[in-house]
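Readers should treat all values here as calculations from the given coordinates under stated rules, not as data from a laboratory. In this text, all values refer to a predicted model and were calculated from it rather than measured experimentally. Cβ coordinates were reconstructed from backbone atoms using ideal geometry, including for glycine residues, and neighbour counts include every protein chain displayed.
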Amino acid sequence: MNNNSRANENGMSENGPEDCMKLLSKVLDNEANDDLKDQFLEHIKICMPCYQRYHLDMAIKQLLKTKCGNKKAPADLIQSIRTQTSPPPAQ
Ligand SMILES: [Zn+2]
């Protein structure tokens, strides 16, 4: 039994989960520049939570666009869709 459980060294060591989420929300809010977006798109190739969250949010935005036209969707509607479609975060 000599398994080393510290296998997550993909060169992203300075980016903790919190940085992930910050980056993710910037991209989703269109606050990220192209550089940051590229960085993020690279990142989601190796980060499953970000990947899922990103695609989930994109799907939601797409859905809301279709449903609500150009009107801004209320935040609690988005929140309720999110809670319905995403599994509880693994702590
Ligand atoms: Zn991530």
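Summary of values
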| read-out | value |
| --- | --- |
| Dipole moment magnitude, nearest 20 debye, segment 17-85 about Cα centre, only Lys, Arg, Asp, Glu C-beta charged | 480 |
| Simple spin-label estimate for residue 75 and residue 38 in nanometres, 7 Å along Cα-Cβ | 3.3 |
| Distance histogram for segment 17-85 (every C-alpha pair counted, 5 angstrom bins, percent rounded to whole numbers) | 4, 16, 25, 24, 16, 12, 3 |
| Lysine pair number, Cα distance threshold 20 Å (strictly under), segment 17-85, separation 8 or more or different chains | 12 |
